[in-house]
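The block underneath contains the structure these notes are about, expressed in structure tokens.
Throughout, read-outs are computed from the coordinates displayed, never taken from laboratory work. Just so it is clear, the structure is predicted and the values come from calculations on it, not from any experiment. Cβ placement follows ideal geometry from the backbone for every residue including glycine, while neighbour counts extend to all protein chains displayed.
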Amino acid sequence: MIALDADAMARELAEFAAIPSVSALPEHRADVARAAAWAAERLARAGVTEVEVVDTGGHPAVLGRWGPPDAPAVLIYGHYDVQPADPLDAWETPPFSPTVRDGRMYGRGTSDDKGPIVCALAGIEALLRGPRPPVDVQLKFLLEGEEEIGSPHLPALVARERDRLACALAISADGGMWRASEPSLNISAKGLANVEVEVVTAAADLHSGRHGGAVPNALHALAEVVAGLHRPDGSVAVAGFYDRVRPPTEGQRRELAALPFSEADYRAEVGVEALVGEAGYTALERLWLRPTLDVVGMWGGFVQEGMKTVIPARAHAKISCRLVPDQEPEEIQRLLCAHLEGHSPRGARVIARPVPGTARPYALPADYPPLALASQVLERTLGGRTLLVRMGGTLPMAELVQRELGARTLFFSFSVSDERYHAPNEFFRLERLAPGAQAWYDLLAGIGPALAAARA
């Protein structure tokens, strides 16, 4: 076991999470750059000999390298940007004033992805600062600042820096564990395709008393359009949406059915009275094996406190699709835009636009040797049997690294899916800091033979 100062790691996480590095909001551009500088300084302090903050055309990325250049390379990935903190009034403590309660640090980004990055860097520091680093590979680093907006500039960065990022394996500090009760490793991630839609019904908002009952209401029209995105059986009504989708195999269904999952416990965990979705599939199959379409934001008219009696002339929505193998994000965007614009209610004009920042689905073979090593490391560190699970979320870098660099990505994160990332009161379990750092140390110390087995 290596010597680790969990209190120092917690202080480090609090400092990192206090930076409001919200990539989606222009007013936080300087904060995102400040978080990049923090990450670069921390990499250098860990002993990484070559560290650089590089321009991407959007938010900066941090690149680094350590070790003999002729050795096999492992690329360590994480992201330092975070989601917006809205709604602010739902937070028990300010989102960018990290607060510890009952062994948990609350704050935006503590779990996604700053806590896991702190784990990785502490383990790497112990590895590199030791008297004789027990590692026979070179380590490369890519910390980006746009993952939460779909990594729109990452493809160009990877193409431009192909030689610097070339690797035999990527290991991601992002991609949290399924549950806190047992260790798990994700072996797949869904793709992503987003669309924005605007409904226009009049030249301007109209007085609801003078014009109500005679003119179309943009919010009513938008509600009609949104309601038509799914059929009564829960399936997506967009023509062509399922054309490339492979049905789950019987083996996959048996694997999921064998996992310790209770739909009643899941309902209680997320606080819903009933589960919904595509008929003919279990909740876990819908979460991990089937594509989805969700409205993630709607607005129009007057939304402040009080009342303003207007008929809105414009209404807006954001729609997000999570995709499974063989689905192409740009094709899904085209199909969804065509569906939306082809179902304009009477008196309304629907305008649909693809949102930049798509991602293809990704899957890691269950027999990949580094995955077996990671499983053994987690069992030693956390105890219990390591479960191989799938992810409903998206990590754009995984499929990109496979396509452009020819390397697979191993997800190795110490966040947990119940830690409210993307929601108010996000938190990270502080008890995972030291074990997470130890696991990173052990994984990288043994990764050379696992890579050799993968090449054999």
Note down the Stokes-Einstein diffusion coefficient of the range 214-274 in µm²/s, whole number, using a Kirkwood radius over alpha carbon pairs, 37 °C, and 0.692 mPa s. 210 µm²/s
Highest mean first, what order results for 51-63, 239-251, 181-193 on Cβ atoms within 10 Å? 181-193, 51-63, 239-251
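If each DSSP helix of 4+ residues adds -39,500 (n - 2.57) and the sum is divided by the residues in the chain, what number results at 222 nm, nearest 500 deg cm²/dmol?
For the chain, the value works out to -10000 deg cm²/dmol.
Could the peptides 160-170, 128-138, 428-438 be put in order, highest first, of the mean number of other beta-carbon atoms found within 10 Å of their residues? Display every interim value, and only then the final one.
Working: 160-170: 17.9, 128-138: 14.1, 428-438: 22.9.
Highest mean packing first, the order is 428-438, 160-170, 128-138.
If Lys and Arg each add +1 and Asp and Glu each add -1, what is the summed charge of the other residues whose beta carbon sits under 13 Å from the beta carbon of G103? Spell out each step's value before the answer.
Values: positive: R101, R104, R429, R432; negative: D7, D102, E419, E431.
Spelling it out: positives minus negatives among the neighbours equals 0.
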Environment charge of A268, counting only residues whose C-beta is closer than 14 Å and scoring Lys/Arg +1, Asp/Glu -1: -3
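Report the local net charge at E161: Lys and Arg +1, Asp and Glu -1, summed over other residues whose C-beta lies under 13 Å from its C-beta.
-1
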Whole-number Å³ per residue for the convex hull built on Cα positions in the range 262-313: 153 Å³
Along each principal axis, Cα extent of the range 1-147, largest first, Å: 52, 40, 18
